[in-house]
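Reading through the structure tokens given below for one structure.
The values are calculated or read from the model by the stated rules, or taken from the named source; none is laboratory data. Bear in mind that the values here come from a model prediction, so they are computed numbers and not experimental data. As a convention, Cβ positions derive from the backbone with ideal geometry for all residues, glycine included, and neighbour counts pool all protein chains shown. Accessible surface is based on the protein model in full, side chains and every heavy atom, while ligands, DNA and RNA are left aside. Shrake-Rupley method; radii C 1.70, N 1.55, O 1.52, S 1.80 Å.
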Amino acid sequence: IDVDAWRPTEEVRRRADVIRQRIGRPIVLFAGRHVPYKGVAVLIEAAAPLDVTVVIVGNGPMRSSWEELSRHQTGPAIFSFTGETDHLELRALLLASDMLVLPSVTRAEAFGYVQLEAMASGTPVISTALPTGVPWVNEAGLVVPVNDVPALRAAIARLAADPALASRLGELGQARARAAFSMSTMGDRLVAVCQELAGVGR
């Protein structure tokens, strides 16, 4: 990822401020395709009893089912389905949000690139302990068991109640994105692999 490209501009900061003022309470963000393996049903059930607003970005075949599920929740959480957003709006949402949640429930979620976008933005990430690259990417954030509603709820509540912790995890994630996943780092690693395969330096 080009980490510097996710550094907030003044316009992004202004839009993020507007979002925060409009919502007025902790923001939990999900961004991704609306397909079963993304686990948004788990997120909805986990967040429902909490005083948060869950912003769900994207589209796909599960959207209507997830919207219906959210309408049947009786807790104080508010669920906002935005549909697709442009790059600028996503950057503003990431900056405005208290956390990004990737609640995926199957191995179909192999990496979770949206985690890198959040990390580059300085937004802390909560993801699940899938037997894939997802928790490895999110070493600087919080990782909860797959399909575990109480554990996800506890993690969301923890970050919502502790802005200092959220800020610290966001900074750690940003540093990890730069150190492990930046374009220059990945380029250097690719060159090293090619040199090893070619026997350079043997």
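Tabulated data for the structure shown
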quantity	calculated
Any chance A177 is at pLDDT 95 or above and surrounded by 21 or more Cβ atoms within 10 Å (Cβ to Cβ)	yes
Count - residues of the stretch 37-92 that are assigned to a helix (DSSP H, G or I), in contact (Cβ under 8 Å) with a residue 40 or more places away in the chain and open to solvent by 10 Å² or more (accessible area, probe 1.4 Å)	8
Residue check, R153 open to solvent by 70 Å² or more (accessible area, probe 1.4 Å), under 24 Å from A48 (Cβ atoms) and modelled with pLDDT of 95 or more	yes
Given (1) touching a Leu at 6+ places or on another chain (Cβ under 7 Å); (2) of a type in the set (G, A, S); (3) outside any helix (DSSP H, G or I), index of the condition A110 fails	(1)
Elements of type helices (runs of 4 or more DSSP H) in the stretch 118-202, at least 3 residues being under 17 Å from the mean Cα position of the chain (by Cα)	134-137, 149-161, 163-181
Among residues of the stretch 115-129, those that are buried (at least 24 other Cβ atoms within 10 Å of the Cβ) and under 16 Å from V105 (Cβ atoms), counted	4
Checking E11 against (1) open to solvent by less than 10 Å² (accessible area, probe 1.4 Å); (2) more than 15 Å from the chain's Cα centre (by Cα), the condition it does not meet	(1)
Where A110 falls short, out of the listed (1) open to solvent by 50 Å² or more (accessible area, probe 1.4 Å); (2) touching a Lys or Arg at 6+ places or on another chain (Cβ under 6 Å)	(2)
Residue list for the stretch 131-141, restricted to those being surrounded by fewer than 22 Cβ atoms within 10 Å (Cβ to Cβ) and under 26 Å from V3 (Cβ atoms)	T132, G133, P135, W136, E139, A140
Failed item in (1) free of Cβ contacts under 8 Å to residues at least 40 places away in the same chain; (2) in contact with a Gly (Cβ under 7 Å, 6 or more places away or on another chain), with P103 passing the rest	(1)
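Residue-by-condition table, conditions (1) over 24 Å from R7 (Cα atoms); (2) of a type outside the set (D, E); (3) more than 16 Å from the chain's Cα centre (by Cα):
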position: V28; (1), (2), (3): no, yes, no
position: H34; (1), (2), (3): yes, yes, no
position: P61; (1), (2), (3): yes, yes, yes
position: E67; (1), (2), (3): yes, no, yes
position: S70; (1), (2), (3): yes, yes, yes
position: L95; (1), (2), (3): no, yes, no
position: P103; (1), (2), (3): yes, yes, no
position: R107; (1), (2), (3): yes, yes, yes
